Amino acid sequence: MAKSNKPVVWFPFAAGGTVIAFFIPVIALLTLLVAFGKVPAGLSYESMHSWLADCVLAKLAVFGILALSLWSSAHRLRCTCFDFGLRIDTLVAAVLYSAAIVASLAAAMFLFRL
C-alpha cells in the first residue's frame, strides 16, 4: 500500500474545523455583548492584555486557536476554488497554505512580543 501525506493536511484541517465550531459562537456572542455596551469586567482590554502578557499558556492557546483556524480556512478555500472550476490546484494550494503559514507566524510574533 502506498503511503500518503494526506493525514498531514487533514489533521490540522479537522482540528481547525473543531476549534472554529467551538469558538466562533462564543466570539459572536461576546461581539454582540460589546456592541450593546455590556462588556464583562474580565473581558476588558486591560484585563485581556495583562492576561496574555503574563501567561505563556494563554499565548499558546490563542496561537493554537488562530493557527488551526487559519489552516482550516485555507483548506476550505482550496476546496471551494476547486469546486468553482479553478483547476490550478497546486498553485491555489501553495498560495493559500503559504498565507496560512505566514499569518500564523505573524500571530506568533505578535503574541510573544506582549
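At-a-glance table
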item: Residues VAL26 and HIS49, FRET efficiency given R0 of 30 Å [Cβ-Cβ distance, rounded to 0.05]; result: 0.95
item: Computed magnitude of the charge dipole of segment 6-113 (debye, nearest 20; Cβ of K, R +1, Cβ of D, E -1); result: 160
item: DSSP loop trypsin sites (Lys or Arg not before Pro) with at most 11 other Cβ within 10 Å: longest gap in the chain; result: 39-86
item: Quarter of Cα convex hull surface for the chain, i.e. mean projection, nm²; result: 9.7
item: Listed residue (VAL26, PHE82, PHE63) projecting farthest to the positive dipole end of segment 6-113, Cβ model; result: PHE82
item: Pairwise centroid distance, computed over Cα atoms, of segment 23-73 with segment 85-108, Å; result: 24
item: Added length on full extension, which subtracts the Cα-Cα distance from 0.36 nm per residue, LEU57 to PHE84; result: 5.7 nm
item: From phi via Karplus (6.51, -1.76, 1.60), per-residue ³J(HN,Hα) for segment 32-40 in Hz, x at Gly/Pro; result: 5, 4, 5, 4, 8, x, 10, 6, x
item: Cα-based shape type of segment 15-60, given that a ≥ b ≥ c are square roots of the gyration tensor eigenvalues and the cut on a/c is 1.5; result: oblate
item: Cut-off of 10 Å, at most 12 other beta carbons, DSSP loop: longest stretch of the chain lacking such chymotrypsin sites (Phe, Trp or Tyr not before Pro); result: 37-83
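Only the coordinates and a few stated rules stand behind these numbers; no lab work does. This structure is a prediction, so every number in the text was calculated from the model and none was measured. Here the Cβ is made from the backbone with ideal geometry for all residues, glycine too, and neighbour counts use every protein chain on show.
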